[in-house]
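Remarks on the structure that follows.
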Amino acid sequence: MPKSIPISVRLSDDDVAFLASYEVQGARTPSDKLREILKTARERERGAQDVSSCEDLLRLMVRPGEKKLRQLQRAAGVRSDLVLKLYERLPEMLAELIAAAPGPGGDESELRRFEADLAAELFSLIEEVFDLGLTSPSRTYDPDLMDNRLTPILEIAKILDQRRQSET
């Protein structure tokens, strides 16, 4: 086991209150919690290097918000597949942006692959969002949300389709 070095820190009342209320599995003392915070920061630093670790880290970061949302949905007796889909898919997409971006020394083929991967993720999400518009009322908190939001997008798609057909 690595050598432990005691350190002393001064914390504000707000920081002490946060540390006391901060919940980490298996960490009870302020020292345990600070070690866990440092471990998380170290993982975040490393996680930016590969997509899978980055996605895990992003999911960990959004989990408290998603958990609160699911509790509120249960209490209110409502559900939004749109919001839940964003909690599911956005960490994947952000992980690609953060960890899969070509770096210095990359070439045009890497840039094209990166763009293609991002486009695949984005258009997959767009298809899933469009699927939510298939039912009426939509599976969102506001039952008219999808109809209201999809109408202008469908108009744009129709114009694009007409333009493509006129070019052929």
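Some points to look at:
- Residue check, Glu96 in a helix (DSSP H, G or I), over 26 Å from Gln25 (Cα atoms) and of a type in the set (D, E, K, R): yes
- In the range 109-124, the count of residues that are open to solvent by 50 Å² or more (accessible area, probe 1.4 Å), out of contact with any Asp or Glu (no Cβ under 9 Å at 6 or more places or on another chain), closer than 30 Å to Leu38 by Cα and not β-branched (Val, Ile, Thr) is zero.
- All of Asp131, Asp117, Asp161, Asp147 fail the test of being under 24 Å from Met61 (Cα atoms) and in a helix (DSSP H, G or I), apart from Asp117.
- The residues of the range 26-49 that are surrounded by 11 or more Cβ atoms within 10 Å (Cβ to Cβ) and modelled with pLDDT under 80, listed by number, are Thr40, Glu43, Arg44, Arg46, Gly47, Ala48.
- For Gly77: the one exception among (1) over 30 Å from Glu121 (Cα atoms); (2) open to solvent by less than 60 Å² (accessible area, probe 1.4 Å): (2)
- Condition met for Arg164 (open to solvent by 90 Å² or more (accessible area, probe 1.4 Å), within 19 Å of Leu82 (Cα to Cα) and among the basic types (Lys, Arg)): no
- Residues in the range 94-108 that are open to solvent by less than 50 Å² (accessible area, probe 1.4 Å) and without any contact (Cβ under 8 Å) to a residue 24 or more places away in the chain were compared, and the one that is nearest to Asp144 (Cα to Cα) is Ala101.
- Selected residue (only one of Glu66, Glu23 is among the acidic types (Asp, Glu) and open to solvent by 60 Å² or more (accessible area, probe 1.4 Å)): Glu23
- Residues of the range 125-137 that are open to solvent by less than 50 Å² (accessible area, probe 1.4 Å) and either at positive phi or without any contact (Cβ under 8 Å) to a residue 40 or more places away in the chain (or both): Gly133 alone.
- Scanning the range 4-20 for residues that are open to solvent by 100 Å² or more (accessible area, probe 1.4 Å) and either within 23 Å of Asp56 (Cα to Cα) or of a type outside the set (Lys, Arg) (or both) yields a count of 7.
The values are calculated or read from the model by the stated rules, or taken from the named source; none is laboratory data. Keep in mind it's a predicted model, so treat the numbers as computed, not measured. No Cβ is skipped: glycine too gets one built from the backbone with ideal geometry, and neighbour counts run over all protein chains shown. The area values use the complete protein model at the heavy-atom level, side chains included, leaving out ligands, DNA and RNA. Shrake-Rupley method; radii C 1.70, N 1.55, O 1.52, S 1.80 Å.
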